[in-house]
Amino acid sequence: MAVQADELTAEQLRDQTLAWLREHLPAGWMDALDAGDITTWSKLRSELDYDAWCTVLGEAGYATPTWPTEYGAGLSLSPGQAKHVNEVLNQYRVPRPFNLIGIGMGGPTLISWGTEEQKQRLLRPMAANQEIWCQMFSEPGAGSDVAGLATRATRDGDEWVVTGQKVWTTLAHLSRWGMLIARTNPDVPKHKGLTYFVMDMQAPGVEVRPLVQITGDAEFNEVFMEGVRIPDSMRIGPEGEGWRVAITTLMNERIALSGAGSLSGDAAGGSPAEKLIARHSPVPDPLDRQRLAQLYIEERLIRLNNQRAAARRKSGGEAGPEGSITKLMQAEFNQRLQILAIDLEGPAGMAWEGEGFIEHGVIGFTSSGGETSREIVRSFLRSQANTIEGGTSNVMRNILGERVLGLPKEPDNSRDAAWRDVPRSA
Ligand SMILES: Cc1cc2nc3c(=O)[nH]c(=O)nc-3n(C[C@H](O)[C@H](O)[C@H](O)COP(=O)(O)OP(=O)(O)OC[C@H]3O[C@@H](n4cnc5c(N)ncnc54)[C@H](O)[C@@H]3O)c2cc1C
């Protein structure tokens, strides 16, 4: 009798993943890593057809192991089971899709709120990295207070017509689809008049302008929308319920940014703190040794908190506000780690040769170190964004105060007034 996915043990999952990788990775890849032969592995990696590989990995379900199999991607595993699969993928440095906003945030939102038709159409190419996704929430006048946003969508028969501007839109320049929240009713309080759509980034009226950041990359963009038409079949969730749908996206964003999975310590070469210790050991300065020990402890704490949050999700379904704990910890931990990495690098940490660092549009989102001085400098520069992206650390502290500790809500005079009547800057 066939074993159900949810009955597979850790050992079975590891064996199954290893067998699949042996069959699909280029010959010699796993042997090279087993033997610590990074030169051979690097050559094989540079010869790999990344796009074709992402399709094979995604369609086999290994890019999104927790997604239900019926949508052409996923293995229908629990988060606890998926951890065993991911450990093997990390161990063998398996390239993954850079479609992190889609996979980390868009997929879970569609799985919770999408229609059957939307899931059948959108999930498989997302997991296979064939259709890249971006998140169009923030606006010039609405970042932390995203519910105050001004982009308007008005109904016209079976379509919606969208006009407005978004900013900070990571990967918009490479995206096929955008998760868009727009105001569909300005006469009710700000959280109530929003609707969530999936917008075709190639539709007439969409203009994407890249913004260059401190690393020299341009990973995010301004997006201008002028009379863009979205079919009603691409609305996610009910009209006026966009805020509730957006919360699902934001909770999953915090998990994606919290280091869940990336700090398991099981990746090739170890966790970020372990890699730093290995690169510089023995560290002569006792104060630097103390900083390293402190980071090692913090990394373990984040790992344990991620495990606790995963266990909670396993028993209770959706992601809760606890994702804000590790989002906050991970952002501040990574900034301290990158400062120490630069300090330990010495003079090589002060100079940086060569071009920007974007590879396949891959973003610093997951970046937590590197193997050359150049990558370490880049990670340091990129880490400045950690305490802003996905909600600032101040805002995480507000969420934790209100929703985890039960403290009184922050005063907000605009909360109950009709959005139209709330003063805002031009
Ligand atoms: C690298 C990067 C990538 C991003 N990618 C995306 C993306 O793909 N899609 C997207 O929609 N957005 C994206 N963002 C935007 C991000 O979500 C916002 O920058 C963030 O929410 C803060 O908004 P803001 O920049 O408008 O700052 P503001 O909200 O104007 O905040 C300014 C300052 O005021 C503080 N502050 C604001 N409100 C409060 C409060 N209530 N209590 C205490 N302090 C407060 C903030 O902490 C901050 O220090 C990205 C940002 C970065 C840096």
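The values are calculated or read from the model by the stated rules, or taken from the named source; none is laboratory data. Predicted, not measured: the structure shown is a model, and the values here were computed from it. Here the Cβ is made from the backbone with ideal geometry for all residues, glycine too, and neighbour counts use every protein chain on show. Protein only, heavy atoms only, side chains kept; ligands, DNA and RNA dropped before computing areas. Shrake-Rupley method; radii C 1.70, N 1.55, O 1.52, S 1.80 Å.
Tabulated results
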{"read-out": "Any hit, the stretch 164-183, residues being open to solvent by 30 Å² or more (accessible area, probe 1.4 Å), in the same structural domain as Glu222 (by TED's automatic domain parsing) and more than 16 Å from the ligand (Cβ to nearest atom)", "value": "no"}
{"read-out": "Within the stretch 107-123, considering residues that are of a type in the set (Ser, Thr, Tyr) and in a helix (DSSP H, G or I), the one most open to solvent (accessible area, probe 1.4 Å)", "value": "Ser112"}
{"read-out": "Extreme residue, nearest to Ala147 (Cα to Cα), among residues of the stretch 392-426 that are open to solvent by 60 Å² or more (accessible area, probe 1.4 Å) and touching a strand residue (DSSP E or B) at 6+ places or on another chain (Cβ under 7 Å)", "value": "Arg415"}
{"read-out": "Hits in the stretch 88-102 (condition: open to solvent by 30 Å² or more (accessible area, probe 1.4 Å) and farther than 22 Å from Glu131 by Cβ)", "value": "Asn90, Gln91, Arg93"}
{"read-out": "Test: residue in the stretch 151-163 that is crowded, with 18+ Cβ neighbours inside 10 Å, within 12 Å of the ligand (Cβ to nearest atom) and modelled with pLDDT of 95 or more", "value": "yes"}
{"read-out": "From Leu25, Leu57, residue being farther than 30 Å from Gln118 by Cβ, open to solvent by less than 20 Å² (accessible area, probe 1.4 Å) and at pLDDT 95 or above", "value": "Leu25"}
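Here's the yes/no breakdown for (1) within 16 Å of the ligand (Cβ to nearest atom); (2) in the same structural domain as Ala182 (by TED's automatic domain parsing); (3) free of Cβ contacts under 8 Å to residues at least 24 places away in the same chain; (4) not hydrophobic (A, V, I, L, M, F, W, C):
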site: Gly102; (1), (2), (3), (4): yes, no, no, yes
site: Met105; (1), (2), (3), (4): yes, no, no, no
site: Pro108; (1), (2), (3), (4): yes, no, no, yes
site: Ser138; (1), (2), (3), (4): yes, yes, no, yes
site: Gly141; (1), (2), (3), (4): yes, yes, no, yes
